[in-house]
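The values are calculated or read from the model by the stated rules, or taken from the named source; none is laboratory data. If you're wondering where the values come from, they're calculated on a predicted model, not measured in any experiment. For neighbour counting, all protein chains shown are included, and Cβ atoms are generated from backbone atoms with ideal geometry for every residue, glycine included.
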Amino acid sequence: MPRKGRPRPAPRPETIVTALAHVLQQAWLKRGALAWALRPISWLMLTVVTLRRQAYRHGLLSRHRLPVPVLVVGNRIAGGAGKTPATLAILAHLKAHGWHPGVLSRGYGAAQRPRPESPLLVRADGKPPDACQTGDEPVLIWRRQRVPMAIASDRVAGGRALLQQHPDIDILVCDDGLQHLRLQRDIEVIVFDERGAGNGWLLPAGPLREPINLRPLPGLVAAPVVLYNAPRASTDLPGHASTSALGLPVALSSWHDHKHSHNHDHKHGADLAHITPPVPSATRPDQCWAMAGVAHPERFFRALRQQGWAFTPLPLADHASLQGPLAWPAAVRDLLITEKDAVKLDPARCARERPNTRIWVIGLDFQPVPDFWHELDAALALIKARPSA
């Protein structure tokens, strides 16, 4: 009789989702067989998008203006173009120039979504928000910038509730929400990454949520500002490039405990960790792993390789909850993770269940070129010069 082998464990759901997402994202880069098969559905998508925008443009659907200006950071493509790093940079810029911003977020990926009629409000000086209630991106924004936030699928209701609690807010920054047309906005920042518009087709045949050359709805103080999360433009739209770089590793427990878990001064990372981080050139794939539950894990892995890290990659689905069994083996000596994943990992649990693993948080410094700030400041100046209602 043939010898029976040990049964293979069932694939993790997150692994399956990650693999399927990778297949689809690769199909979106060209007009291959899968993209052509999905093309008829994208025509339906175009019809829906066009009719919806026309309904808002002509008043058949209502738009709502909040008492303070609204700046929306969003993208036309699906799958993480870099909205959150752009939002973080813009918040820092606004605060440095005397604004008092608040943030509106949908809370994508939250396991316990707030009811539309009851936005979840987060104080700037309160306890860290729970990623299960807010999703990972709002927690990261709060840790990096400490601004009041509203988590709500209805951005209008969230904005009203946040302004009622924080009347000192003089501008609202909407992290994502470019397609949330009920909310009247004053400035749009549209983010693209190195993929550009992919194959140029709408979902699901391509990555576009809406056509790339849309005429903006009335109400903007200036033309939308295009920002490329890349060193050069990736579409024909005039815009501004940016640079990004990974910082030094910080121990997970210190990252959570530090009052300002990211201050754009990563040279103090080793001091915060109280232990010496590994040297990239001395790492080995059997002892060092890198985990990323982001839209494009390979982007994180590629940046680590450029720094000289040798590791085993562990890609997870975007917004992976990390509430189930820990994904890396107990024998792993060092684990490198993104800040987006760090907000969902409890240091005490990791120390208890993986006592031999040192977990290192690798932050990202995102810097748009100066011309981006010049264009954004010009739009902000138009808001300040606008007559009061």
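Residues checked against (1) buried (at least 17 other Cβ atoms within 10 Å of the Cβ); (2) over 17 Å from the mean Cα position of the chain (by Cα); (3) closer than 23 Å to Glu375 by Cα:
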{"position": "Glu194", "(1), (2), (3)": "no, no, yes"}
{"position": "Ala197", "(1), (2), (3)": "yes, yes, yes"}
{"position": "Gly200", "(1), (2), (3)": "no, yes, no"}
{"position": "Ala205", "(1), (2), (3)": "yes, yes, no"}
{"position": "Ala222", "(1), (2), (3)": "yes, yes, yes"}
{"position": "Val226", "(1), (2), (3)": "yes, no, yes"}
{"position": "Ala230", "(1), (2), (3)": "yes, no, yes"}
{"position": "Thr235", "(1), (2), (3)": "yes, yes, yes"}
{"position": "Pro238", "(1), (2), (3)": "no, yes, yes"}
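Can you name the helices (runs of 4 or more DSSP H) wholly within region 290-389 that have at least 1 residues being more than 27 Å from His100 (Cα to Cα)? Steps first, answer last, please.
Values: elements: 297-306, 339-342, 347-353, 370-385.
Answer list for region 290-389: 297-306, 339-342, 347-353.
In contact (Cβ under 8 Å) with a residue 24 or more places away in the chain, under 24 Å from Leu88 (Cα atoms) and either out of contact with any strand residue (DSSP E or B) (no Cβ under 7 Å at 6 or more places or on another chain) or among the polar types (S, T, N, Q) (or both): is that true of Leu322 in this structure? Even if it seems obvious, please write down each step before you answer.
On the way: in contact (Cβ under 8 Å) with a residue 24 or more places away in the chain: yes; under 24 Å from Leu88 (Cα atoms): yes; either out of contact with any strand residue (DSSP E or B) (no Cβ under 7 Å at 6 or more places or on another chain) or among the polar types (S, T, N, Q) (or both): yes.
Spelling it out, Leu322 is indeed in contact (Cβ under 8 Å) with a residue 24 or more places away in the chain, under 24 Å from Leu88 (Cα atoms) and either out of contact with any strand residue (DSSP E or B) (no Cβ under 7 Å at 6 or more places or on another chain) or among the polar types (S, T, N, Q) (or both).
Would you confirm, using the coordinates I've provided, whether Ala342 is more than 16 Å from Gly80 (Cβ to Cβ), under 16 Å from the mean Cα position of the chain (by Cα) and buried (at least 23 other Cβ atoms within 10 Å of the Cβ)?
Numbers: more than 16 Å from Gly80 (Cβ to Cβ): yes; under 16 Å from the mean Cα position of the chain (by Cα): yes; buried (at least 23 other Cβ atoms within 10 Å of the Cβ): yes.
Against the criterion (more than 16 Å from Gly80 (Cβ to Cβ), under 16 Å from the mean Cα position of the chain (by Cα) and buried (at least 23 other Cβ atoms within 10 Å of the Cβ)), Ala342 qualifies.
Looking at region 366-379, I want the residues that are more than 19 Å from Thr84 (Cα to Cα) and have a partner that is not in a helix (DSSP H, G or I) with Cβ atoms under 6 Å, at least 6 apart or on another chain. Which pairs are those?
Every condition considered, the pairs that remain are Asp371/His240; Glu375/Val225; Ala379/Ile187; Ala379/Val221; Ala379/Ala222.
What's the number of the condition Val226 fails, among (1) free of Cβ contacts under 8 Å to residues at least 40 places away in the same chain; (2) over 22 Å from Ala292 (Cβ atoms); (3) touching a strand residue (DSSP E or B) at 6+ places or on another chain (Cβ under 7 Å); (4) outside any strand (DSSP E or B)?
(4)
Name every residue in region 357-389 that is of a type in the set (D, E, K, R), within 25 Å of the chain's Cα centre (by Cα) and either more than 30 Å from Ser253 (Cα to Cα) or at pLDDT 95 or above (or both), in order of residue number. Even if it seems obvious, please write down each step before you answer.
To start, the set of residues in region 357-389 that are of a type in the set (D, E, K, R) comprises 358, 365, 371, 375, 377, 384, 386.
Now drop any that are not within 25 Å of the chain's Cα centre (by Cα), which leaves 365, 371, 375, 377.
Listed by number, the residues that qualify are Asp371, Glu375, Asp377.
Looking at region 178-185, is at least one residue more than 30 Å from Val369 (Cα to Cα), at pLDDT below 95 and surrounded by 20 or more Cβ atoms within 10 Å (Cβ to Cβ)?
Taking region 178-185 first, the residues more than 30 Å from Val369 (Cα to Cα) are 182.
Within this subset, residues satisfying the condition of being at pLDDT below 95 are none.
Within region 178-185, not a single residue is more than 30 Å from Val369 (Cα to Cα), at pLDDT below 95 and surrounded by 20 or more Cβ atoms within 10 Å (Cβ to Cβ).
Being at pLDDT 95 or above, surrounded by 21 or more Cβ atoms within 10 Å (Cβ to Cβ), farther than 18 Å from Ala342 by Cβ and not small (Gly, Ala, Ser): is that true of Pro148 here?
Details: at pLDDT 95 or above: yes; surrounded by 21 or more Cβ atoms within 10 Å (Cβ to Cβ): yes; farther than 18 Å from Ala342 by Cβ: yes; not small (Gly, Ala, Ser): yes.
So Pro148 passes the test.
Residues of region 204-234 being over 19 Å from Gln54 (Cβ atoms) and of a type in the set (A, V, I, L, M), which ones? So that I can check it myself, show each step before the final result.
Narrowing region 204-234 to residues over 19 Å from Gln54 (Cβ atoms): 204-207, 221-223, 225-234.
Of everything in region 204-234, those that are over 19 Å from Gln54 (Cβ atoms) and of a type in the set (A, V, I, L, M) turn out to be Ala205, Val221, Ala222, Ala223, Val225, Val226, Leu227, Ala230, Ala233.
Could you list all residues from region 48-81 that are farther than 24 Å from Ala233 by Cβ and in a loop (DSSP other than H, G, I, E, B)?
Selection gives His58, Gly59, Leu60, Leu61, Ser62, Arg63, Arg65, Leu66, Pro67, Val68, Pro69.
Please state which of the following conditions Thr87 fails to meet, knowing it meets all the rest: (1) polar (S, T, N, Q); (2) out of contact with any helix residue (DSSP H, G or I) (no Cβ under 7 Å at 6 or more places or on another chain); (3) at pLDDT 95 or above.
All conditions are met except number (2).
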